[in-house]
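Data block below; observations after.
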Amino acid sequence: MAWQRKILRVDLTAGTCTSEPLNMEWAKIYLGQRGLATKYFVEEVAPSVEPMSPANKLIFATGPLTGTMASTGGRYSVITKGPLTGAIACSNSGGYWGAELKMAGWDMVIFEGRAASPVYLHIENDTATLHDASALWGKTTWDVEPALRKIHQDSQLKISSIGRAGENGVLYAAVINDLHRAAGRSGVGAVMGSKNLKAIAVRGTKGVAGVKDPKAFMKATQAAKAVLAGNAVTGEGLPKFGTQVLMNVINEVGAMPTRNFRDVQFEGAKDISAEAMHAPRESDGKANLVTNQACFGCTIACGRISKLDQTHYTVVNKPEYWGASGGLEYEAAWALGSANGVNDLEALTYANFVCNEDGFDPISFGATVGAVMELYQMGVLTKEQLGIEAPFGSAKALTYFAECTAKGEGFGPEIGLGSKRLTAKYGHPDLSMTVKGQEFPAYDPRGIQGMGLAYATSNRGACHLRGYTVASEVLGIPIKTDPLETEGKAGLVKAFQDATAVFDSAGICVFTSFAWTLADVAPQLDAACEGDWSLDNLNMVGERIWNMERQFNNAAGFTAKDDNLPKRLLTEAAKTGPAKGLVAGLDKMLPEYYAERGWDTEGRPTAATVERLGL
Amino acid sequence: MMKSLHIEAAKCTGCLQCEMACSFENYGTFNPAKSRIKVFEFHETGTKVPYTCTQCSEAWCLKACPVDAITKDKSTGAMMVNEATCVGCKVCTIACPFGTINYVADTGKVQKCDLCEGSPACADACPTGAITFIDADSTGIDRMRAWAAKLENQTAGHAD
């Protein structure tokens, strides 16, 4: 059995750690990780809960394939009610931490309450203990990891933690593990900070034993790895260029949101692209990119490891930033770069390092800076308020804001509110490029129409990782559809959303879905886990998870009105590129989507749908 | 032909498939903590290096063992631990300069790489060719070929 069948419940208020059996009835219908942890969450937490209150809970969950030889089987997710959105939050991370938790014998950890003073959790196989973290409070994630290894005299500890952003309540603070992997979005790190929980240090030596049919499992995982290796995206594009393989592609299709979505193409895209990361710098003759890196169990290895130019203004005399660390992924390069009109690759890399170091989401941060720069151009925000001149294109403003947000200084706390609250505060809410309070990622729905619907209906606010129709609309995976067309996109979005929920619940990385369909996942799950993991049932599991999340959000006060896009995308047409003259055609897709989903016109699952899915 | 494990660290991505394959082969579980091959990540430089026993011709572990529990397998060249004889004294772990033989508290014996009877699971599992199992007398052949290719280019240049 690929589940460890054991969960750890940590009551931070009482200071207790207790072991419970995993609810196997739920595991057989919600699988694991995202699905299963969300089931626990919705059963235990009132939808009306205030996200930063002790009544909110925070769950770190692995999937059945986490810690196995299934390719990319090292994922974990953090589930809570998000402070940025007020919706269900579920952020997924790679690195090595998730597998280590599983190796220690736990499927998930549920945190409840709030510690009276800063604590961290130390897990060594069956033993879990809370420790005083006063001496770690105020430290960055980069300082916390070596500090905990030293305290416990264990160089093999794996650590997930929050930096100062999570302590300071930056509403899009992230949980960082292994120095530069992140459960990045929706502010799960802020919730961790609100609980006075600084870090979780894990050492697991028990391993994952007893997959259902080891022989069949090895055969299935080997076949699936061959599919990844033979695919142009997962076998060549991602290992060589990372997700940055998309920068020039998306710019060419005219779906590169630029300067707070004023434009859909960025003239500086080539300067911040994968190719630019590979090219020798003029200053020192070295490339920004040092190497690629895999997460636990991953045979794709799309991760970027970069080194900064030591003469760049951001790091002169700051040797602590001269080592290799997590480089730019496409979303970060876009949000820190195109969204602000900044084309300085080193500045973006530095800002990305800072986001990792102090734990905050570069997408929401970068997109919020985009709104700040627009407000500055309009004269609404001034140099005196901001502490710096901040026109579009200013790398110095970007890196200054990154430092302020990390440390909670100057204008940083305002930027830490996210663009929805910040633009409302300064009287221009229409300039917030968000859905349900969460900033958009790197695909303009005027140029990729299906993504408009995917954003509008995403259960965690605007997000590319809930239904990535870019795969179909741009890359032709699994079939090519026209990115400028709205017809047929309702069914496409639903199919992507439901399938993604399964990938996120299995313990594997959604990037495998460039090459794998659920038909590749099913045999791996079936060999690993007791229960029915046929293709048909997996589709049902994905749809069930999606609707469970939706019901939570509806009960938390979201309505059909919130399945919307900002006015700019609905009324201001794309100025250039293939999508020139187009706005996002959300109204043409949304009613059909509700019908496809079996929801009423208010976006609520009908009684028949609830019954069909066994909710 | 005698074969040996050959490691090209520059190709390693740090995925740990080798560690899981090793533990699965020897213990039937996915458990890097029990792996006899370990991948080390040097994050300051971004380098990942797999490391395991290189099967010394004159093995320190074998010579140090007071009960002759370590013997050389003639067909594979691997130094083998006979668990029935091993008394768990750990002297071999002190003698080995490379740290590749280690004590296992669960069994009270030591463990080391035994080349999986001539078909190492780590090499099979490695997705990038960072770990291969090749002719022990020619582990440098690919590097020689790479340098030869440079000469070939030079020569071709002169011919033009």
Within the set of pairs 6 or more residues apart or between chains, which connect a residue that is more than 22 Å from A:VAL188 (Cα to Cα) inside region A:356-383 to a residue that is among the charged types (D, E, K, R) with Cβ atoms less than 7 Å apart?
A:GLY370/A:ARG259; A:LYS383/A:GLU389
Going through region A:412-454 one residue at a time, which ones are touching a His at 6+ places or on another chain (Cβ under 8 Å) and in a helix (DSSP H, G or I)?
A:MET451, A:ALA454
Out of A:GLU357, A:GLU389, report the one residue that is in a helix (DSSP H, G or I) and assigned by TED's automatic domain parsing to the domain that holds A:ARG304.
A:GLU357
Conditions (1) away from chain A (no Cβ under 14 Å); (2) within 30 Å of A:ILE300 (Cβ to Cβ); (3) not in a strand (DSSP E or B): number failed by B:PHE133
(3)
In region B:48-77, which residue that is assigned to a strand (DSSP E or B) and touching a Leu at 6+ places or on another chain (Cβ under 8 Å) is surrounded by the most Cβ atoms within 10 Å (Cβ to Cβ)?
B:ILE70
Has region A:300-323 got at least one residue that is surrounded by fewer than 20 Cβ atoms within 10 Å (Cβ to Cβ), within 11 Å of chain B (Cβ to nearest Cβ), of a type in the set (Gly, Ala, Ser) and assigned to a loop (DSSP other than H, G, I, E, B)?
yes
Consider B:THR13 carefully, then state whether it is more than 18 Å from B:LEU115 (Cα to Cα), crowded, with 21+ Cβ neighbours inside 10 Å, facing chain A (nearest Cβ under 9 Å) and of a type in the set (Ser, Thr, Tyr).
yes
Single residue of region A:274-299 satisfying the filter (free of Cβ contacts under 8 Å to residues at least 60 places away in the same chain and small (Gly, Ala, Ser)) that is surrounded by the most Cβ atoms within 10 Å (Cβ to Cβ)
A:ALA294
Starting from residues that are among the acidic types (Asp, Glu) and surrounded by 24 or more Cβ atoms within 10 Å (Cβ to Cβ), keep the ones in region A:336-373 and report whichever is nearest to the chain's Cα centre (by Cα).
A:ASP361
Can you go through A:VAL191, A:VAL170 and tell me which one is away from chain B (no Cβ under 14 Å), in contact with a Leu (Cβ under 9 Å, 6 or more places away or on another chain) and farther than 26 Å from A:ALA501 by Cα?
A:VAL170
Does region A:93-102 contain any residue that is of a type outside the set (Phe, Trp, Tyr) and surrounded by fewer than 21 Cβ atoms within 10 Å (Cβ to Cβ)?
no
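Yes/no matrix, rows are residues, columns are (1) farther than 19 Å from A:MET24 by Cα; (2) of a type in the set (S, T, N, Q):
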site	(1), (2)
A:VAL493	yes, no
A:ALA499	yes, no
A:SER505	no, yes
A:THR512	yes, yes
A:ALA519	yes, no
A:ALA528	no, no
A:ASN539	yes, yes
Write out, first by first residue and then by second, each pair whose Cβ atoms fall under 6 Å of each other, whose residues are 6+ apart or on separate chains, and whose first residue, in region B:111-125, is touching a residue at least 12 places away in the same chain (Cβ under 8 Å) while the second is among the acidic types (Asp, Glu).
B:CYS116/B:GLU25; B:ALA121/B:GLU25
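Pick from region A:286-299 the residues that are within 7 Å of chain B (Cβ to nearest Cβ) and not hydrophobic (A, V, I, L, M, F, W, C): which of them is farthest from the chain's Cα centre (by Cα)? Reasoning before the result, please.
Within region A:286-299, the subset within 7 Å of chain B (Cβ to nearest Cβ) is A:290-294, A:296-299.
Adding the requirement that they be not hydrophobic (A, V, I, L, M, F, W, C) leaves A:291-293, A:297, A:299.
Values: A:THR291: 22, A:ASN292: 20, A:GLN293: 18, A:GLY297: 19, A:THR299: 20 Å.
The residue in question is A:THR291.
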For region A:1-21, give me each residue that is more than 14 Å from A:GLY113 (Cα to Cα) and crowded, with 19+ Cβ neighbours inside 10 Å.
A:ALA2, A:TRP3, A:GLN4, A:ILE7, A:LEU8
Condition (residue is over 19 Å from A:SER93 (Cα atoms) and touching a residue at least 12 places away in the same chain (Cβ under 8 Å)) applied to region A:499-514: is it met by at least one residue?
no
Is it the case, given these coordinates, that A:PRO391 is touching a helix residue (DSSP H, G or I) at 6+ places or on another chain (Cβ under 8 Å) and farther than 30 Å from A:LEU228 by Cβ?
yes
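Matching residues to (1) buried (at least 19 other Cβ atoms within 10 Å of the Cβ); (2) more than 14 Å from chain A (Cβ to nearest Cβ); (3) in a loop (DSSP other than H, G, I, E, B):
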| position | (1), (2), (3) |
| --- | --- |
| B:GLU44 | no, no, yes |
| B:THR93 | no, yes, no |
| B:PHE98 | no, yes, yes |
| B:THR107 | no, no, yes |
| B:VAL110 | yes, yes, no |
Only one of (1) among the polar types (S, T, N, Q); (2) out of contact with any helix residue (DSSP H, G or I) (no Cβ under 7 Å at 6 or more places or on another chain); (3) under 28 Å from B:GLU41 (Cβ atoms) is not met by B:THR132, so which one is it?
(2)
Could you grab the pairs with beta carbons closer than 7 Å, sequence gap of 6+ or different chains, first residue in region A:168-196 and more than 26 Å from B:GLU41 (Cβ to Cβ), second one assigned to a strand (DSSP E or B) and among the aromatic types (Phe, Trp, Tyr)?
A:VAL170/A:PHE360; A:TYR172/A:PHE360; A:LYS195/A:PHE111
Identify all residues within region B:11-34 that are in contact (Cβ under 8 Å) with a residue 40 or more places away in the chain and among the small types (Gly, Ala, Ser); write none if there are none.
B:ALA21
Single residue of region B:7-39 satisfying the filter (under 14 Å from the mean Cα position of the chain (by Cα) and small (Gly, Ala, Ser)) that is farthest from B:ASP142 (Cα to Cα)
B:SER23
Does B:ALA84 satisfy the criteria of being of a type outside the set (Asp, Glu) and either assigned to a loop (DSSP other than H, G, I, E, B) or modelled with pLDDT of 95 or more (or both)?
yes
What is the residue count in region B:26-42 for residues that are within 11 Å of another protein chain (Cβ to nearest Cβ) and under 19 Å from B:HIS6 (Cα atoms)?
5
Region A:228-262 - residue that is of a type in the set (Lys, Arg) and touching a residue at least 60 places away in the same chain (Cβ under 8 Å) and, of those, nearest to the other protein chains (Cβ to nearest Cβ):
A:ARG259
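The values are calculated or read from the model by the stated rules, or taken from the named source; none is laboratory data. All figures in this text were calculated on a predicted structure; none of them were measured in a lab. As a convention, Cβ positions derive from the backbone with ideal geometry for all residues, glycine included, and neighbour counts pool all protein chains shown.
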